[in-house]
1. Hey, any idea what Rg/Rh is for the chain, computing Rh the Kirkwood way over Cα pairs?
2. Suppose only helical runs count, i.e. DSSP H with n ≥ 4. What mean residue ellipticity at 222 nm does that imply for the chain under -39500 (n - 2.57) per run, divided by all residues and rounded to the nearest 500 deg cm²/dmol?
3. Work out the FRET efficiency for residue 4 and residue 113 from their Cβ-Cβ distance, taking R0 = 30 Å, and round it to the nearest 0.05.
4. For the chain, set up a Gaussian network in which alpha carbons nearer than 10 Å are linked by springs, and say which option among 26, 52, 93 fluctuates the most.
């Protein structure tokens, strides 16, 4: 229901995070290939302000769906996605997104354990 709003909030935060680090994103793959730190920071700040762990879990589910689609579909469909010499999606970029997916999965599991209940 709130998929677009949740993903939009997170990616907006990541974009600002990267920009302040002088790593301004030029493509959406930069947002998903930057590492897990800004995603963890975003959720931590939201929880400090009163966001429940179950809401963070929902954000992580939404983000997981986006990352899955980025790996399986978007990297092939987007003509601006970084390409290798053979016109395939650049492996280093796809692998960076896969690493994010693994780390988000671990964060998701740790949040599930912390959820009251």
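Values in this text are rule-based calculations from the coordinates and carry no lab data. From a predicted model like this one, the values you see are computed outputs, not experimental measurements. Backbone-built Cβ (ideal geometry, glycine too); neighbour counts: all protein chains shown.
1. Details: Rg = 14.7 Å, Rh = 14.9 Å.
The Rg/Rh ratio comes out at 0.99.
2. Values: 5 runs with 76 residues, N = 117.
Helices in the chain give a 222 nm mean residue ellipticity of -21500 deg cm²/dmol.
3. Values: r = 28 Å, r/R0 = 0.94.
Efficiency at R0 = 30 Å is approximately 0.60.
4. Comparing 26, 52, 93 in the GNM, the peak value goes to 26.
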